[in-house]
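See below for the structure under consideration.
The values are calculated or read from the model by the stated rules, or taken from the named source; none is laboratory data. Since this is a predicted model, take the numbers as computed values, not measurements. Cβ: placed from backbone, ideal geometry, glycine included. Neighbour counts: every protein chain shown. Ligands, DNA and RNA are excluded from the accessible area calculation, which covers all protein heavy atoms including side chains. Shrake-Rupley method; radii C 1.70, N 1.55, O 1.52, S 1.80 Å.
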Amino acid sequence: MTPGDEEETQPLLRLPGGSAPRGRRVFLAAFAAALGPLSFGFALGYSSPAIPSLRRAAPPALRLDDAAASWFGAIVTLGAAAGGVLGGWLVDRAGRKLSLLLCAVPFVAGFTVITAAQNVWMLLGGRLLTGLACGIASLVAPVYISEIAYPEVRGLLGSCVQLMVVIGILLAYLAGWVLKWRWLAVLGCVPPSFMLLLMCCMPETPRYLLTQHKRQEAAAAMQFLWGSEQGWEEPPVGAEHEGFHLAQLRRPGVYKPFIIGISLMAFQQLSGINAVMFYAETIFEEAKFKDSSLASVIVGIIQVLFTAVAALVMDRAGRRLLLALSGVVMVFSTSAFGAYFKLTQGGPSNSSHVDLLAPVSMEPTSGSVGLAWLAVGSMCLFIAGFAMGWGPIPWLLMSEIFPLHVKGVATGVCVLTNWFMAFLVTKEFSSLMEVLRPYGAFWLAAAFCIFSVLFTLACVPETKGKTLEQITAHFEGR
C-alpha cells in the first residue's frame, strides 16, 4: 500500500461522533439532479407512442418506413453512448453540477428539432441529440447524488435515479394517448428546462470541491446539504488528484470495480429490458392483444411501483440480495414468456384478442385466452423483477464503487458499455426474433439472467451503510 492509497481511504467528509446528518436540502438537491434521468426516461419512452403514429401517417405527412422506424428507436442509444464518453470527461473537468446544467441543452435542442421536423433526417437528428443528453445525464446524475448523500440514505436517493427514469417512460406512454408526436416532443422540453432552473440553485458536490482545493466552497455546500460543516476536513493531496493512467489498472482498487461495473451494465441490457420498453406495444401486438398501448401503460405503472419499493428497501435489504432475487425472478418470467410464444406459434386458431379491461374471471372462449394471460403475467413479473434490482442497482453501484481519481473515466466506460449494448439489443431485437423465433429470443434472455445471478453471488460486494472511502478500501483489500 502506497501513501497515496492511505490518503484516498480517509473519509473526505466526517461528522462528529459518527452521527447521521439531519439536513433535508440534500433531498431537494437529489430531486433536482434526478430531473435529468426523468428527461432521459421520457426520451426512451417517446419512441413507443411516436413510432406507431409515424408509421400510420399517410402522404404527404411525415412517415416512417420499417427501416427508419428501427433507427428512430435505436439511434438514441448511439447518441447516449457518445454522451457517456463526453460525460466522463465533463464530470472531472467541469464538475458534477455544471455537467448536469450542460446536458439540458441537447435535451431541449433535440426535442425542438423533432418538433420542427420536416423529414426523416431531422427526426433522427433530434433523437441523436436527445440520446447525447441521455448519456451525459445517466452518468452525471448518479455520481452527483452519491457524492452529496450520506450513507444512511445513499441507497434511497441513488435508486431514485432509476425511479425517475421509469416515471419519465410512463409519462411518455400516458401523454402519447392524448398528444400527437410533435406536441409530445414539446412536452419533452419541460423536465430538462425545470432541471436547469433548479440546479442553478444547488451546490457543487463537497467531494469534488475538496479535490479542487476549494475548502470554503465545500464547507458552504456541506452546510447547505447536510446542515452541518463541523467535524470534517480536507484530505491531503494524494491519489485522487493524479488523474487516471492505464498503469493504475494493475491496482485491485481500480480493476475490480472496472470489471464489476462493466459486467453489471452488460447484464442489465442483455436481460432485454430496453428492447421490451422500446417495442412494448409491438411485443404486445405479437402477443395478440387488442389494446397494446394500454398494455404498455400497465407495464410502466408496474415498473414505477416496484422501483419505488426497491428505493425504500435498498438501505435495509442491501444491493447484493436485491440483485440476486431480481435475477431469479427475471429467469422465471422470461422463460414463461418464451413458453407463451412457443405454445402459440402456428396457425390462426391460436390467435387470442384479449381485452385487458375485461374481468379476469370471465369464461375463456378457447384455451388460447389462458395462454394470453400467461403473456400478461410473465411480462408484468419480468418488469417487477427488473425494477426491484437490475433496474436501479447497476447505476447505484457504478456511482459507489470507483475511487475519485478514476471516477470520470470509469463511469464513462460503464455508461458507454450500457448504451452500446442497449443499441445492439434494440437495433437487432427484431432480427433476433426472426432468427430464433420470439420464444428463442426470450429463452436466450433467460440464460443471460442466470449468468447475472451467478456473477452477483460470486463477485458483487455489499455497499449498504458504507462510506465511499470504505468501499474503496474494500477493493484494495484493507
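The conditions are (1) modelled with pLDDT under 85; (2) more than 19 Å from Val91 (Cα to Cα); (3) of a type in the set (S, T, N, Q), and Thr211 fails exactly one of them. Which is it?
Of (1) modelled with pLDDT under 85; (2) more than 19 Å from Val91 (Cα to Cα); (3) of a type in the set (S, T, N, Q), only one is false for Thr211: (2).
Scan the range 57-74 and report the pairs whose first residue is assigned by the TED database to the domain that holds Leu123 and loosely packed, with under 15 Cβ neighbours inside 10 Å and whose second residue is at pLDDT 80 or above and part of a loop (DSSP other than H, G, I, E, B), with Cβ atoms within less than 7 Å and a gap of 6+ or a chain change.
Every condition considered, the pairs that remain are Ala57/Arg63.
Looking at this structure, is Gly45 touching a Pro at 6+ places or on another chain (Cβ under 9 Å) and modelled with pLDDT of 85 or more?
Values: touching a Pro at 6+ places or on another chain (Cβ under 9 Å): no; modelled with pLDDT of 85 or more: yes.
No: the conditions fail for Gly45.
What residue, among those in the range 167-209 that are among the aromatic types (Phe, Trp, Tyr) and farther than 19 Å from Ala117 by Cα, is surrounded by the fewest Cβ atoms within 10 Å (Cβ to Cβ)?
By that ranking, first place goes to Trp177.
Select from the range 146-158 the residues that are crowded, with 24+ Cβ neighbours inside 10 Å and out of contact with any Ser or Thr (no Cβ under 7 Å at 6 or more places or on another chain) and list them in ascending order.
If the condition is that a residue be crowded, with 24+ Cβ neighbours inside 10 Å and out of contact with any Ser or Thr (no Cβ under 7 Å at 6 or more places or on another chain), then Ala149, Gly155, Leu157 are the ones that fit.
It is to be established whether one or more residues within the range 455-473 are open to solvent by 70 Å² or more (accessible area, probe 1.4 Å), under 18 Å from Thr334 (Cα atoms) and modelled with pLDDT of 90 or more.
No: zero hits.
Could you go through the range 88-102 and let me know if any residue there is within 30 Å of Glu217 (Cβ to Cβ), surrounded by 23 or more Cβ atoms within 10 Å (Cβ to Cβ), β-branched (Val, Ile, Thr) and not assigned by the TED database to the domain that holds Cys414.
Taking every residue of the range 88-102 in turn, at least one turns out to be within 30 Å of Glu217 (Cβ to Cβ), surrounded by 23 or more Cβ atoms within 10 Å (Cβ to Cβ), β-branched (Val, Ile, Thr) and not assigned by the TED database to the domain that holds Cys414.
Kindly check whether there is at least one residue in the range 272-284 that is under 18 Å from the mean Cα position of the chain (by Cα), on the phi > 0 side of the Ramachandran plot and modelled with pLDDT under 85.
Looking for residues that are under 18 Å from the mean Cα position of the chain (by Cα), on the phi > 0 side of the Ramachandran plot and modelled with pLDDT under 85, one finds at least one in the range 272-284, hence yes.
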